[in-house]
Amino acid sequence: MSRRHWGLAAALALAMVFAAAAVLVSSGGRGSAAEAVPRTPGATSADAGFARDMATHHQQAVEMSFIVRDRTSDDEVRRLAYDIANTQANQRGMMLGWLDLWGLPKNEASQQPMAWMGMATAPGADGALMPGMATNADLTRLRGLGGRDAEVLYLQLMTEHHKGGIHMAEGCVRRCSVGPEKRLAQGVVDSQRSEIDLMAQMLKKRGVTPRTN
């Protein structure tokens with residue numbers, strides 16, 4: 001296993017420890033004994049649905065970020081890719097950790113992606129499971145590019161990816177009931193909006209714009 005993958009594994013393990021601590025702290029209510037009893041979300045709840053769907057969404061962002069890091073020498077793009085991969089790998093570990101603590105499956109066959117938002121979506125074309133996700137063809141193309149071309153496609157794909165992630169995170173802010181998860185979702189909204197602005201500036205420097213489709 002490479003040093004990079006050892007680092008990612010360690011980050012995921014640490015994130016799951018933090019996830020466990022966060023849930024235990026959040027379940028320690030103040031007041032009556034009934035309030036102190038931990039609340040376990042159901043398998044089809046918004047809490048569980050968001051954790052499952054965003055973990056899947058994040059995994060693709062991590063994958064795309066590692067792809068572009070190996071295909072460009074541009075420090076600004078490599079730094080952004082590292083930040084996205086590190087942040088989203090840690091958040092993914094927290095969400096999978098919550099599902100483990102709740103005793104819930106990481107895949108719910110009876111529920112389509114985003115059904116917890118009231119807008120169940122059938123898997124999209126060519127492997128794009130949720131809005132904003134890149135297709136298999138997009139990923140294959142990214143792997144085949146280098147330099148400026150790889151940078152541009154990555155920034156365009158990640159802009160769309162972030163837009164889909166923000167939409168989902170806003171749904172959790174409205175619908176989720178577990179405090180740490182709602183706060184994580186709001187953090188996703190804030191950070192990804194900022195990164196969208198940054199990526200727009202980076203695309204402009206390269207004489208291109210975000211994709212419109």
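The values are calculated or read from the model by the stated rules, or taken from the named source; none is laboratory data. Every value quoted in this text rests on a predicted model; they were computed, and no experiment measured them. We place every Cβ from the backbone using ideal geometry, glycine too, and count neighbours over all the protein chains shown. Each accessible area value is taken on the protein alone, full model and side chains, heavy atoms only, with ligands, DNA and RNA left out. Shrake-Rupley method; radii C 1.70, N 1.55, O 1.52, S 1.80 Å.
Given a 1.4 angstrom probe, what's the average accessible area per residue across region 57-127, in square angstrom? Before the final figure, lay out each step's value.
Values: 3170 Å² over 71 residues.
The answer is 45 Å² per residue.
Within region 72-93, whose backbone N sits under 11 Å from a point 7 Å along Cα→Cβ of LYS106?
Backbone N within reach: 93.
Would you list which lysines come within 19 Å of LYS204, measuring only between C-alpha atoms, while excluding same-chain residues fewer than 8 positions from it?
LYS163
If R₀ is 30 angstrom, what is the calculated FRET efficiency for the pair SER177 and ASN86, using the beta carbon separation as r and rounding to 0.05?
Numbers: r = 28 Å, r/R0 = 0.94.
For SER177 and ASN86, the calculated efficiency is 0.60.
With every protein chain left in place and a probe of 1.4 Å, what is the accessible surface of LYS182, to the nearest 10 Å²?
That residue has around 60 Å² of solvent-accessible surface.
Return the FRET efficiency for the residue pair ALA125, HIS167: r is the Cβ-Cβ distance, R0 is 22 Å, and the value is rounded to the nearest 0.05. Before the final figure, lay out the partial values.
Values: r = 19 Å, r/R0 = 0.84.
Once the sixth-power term is evaluated, E becomes 0.75.
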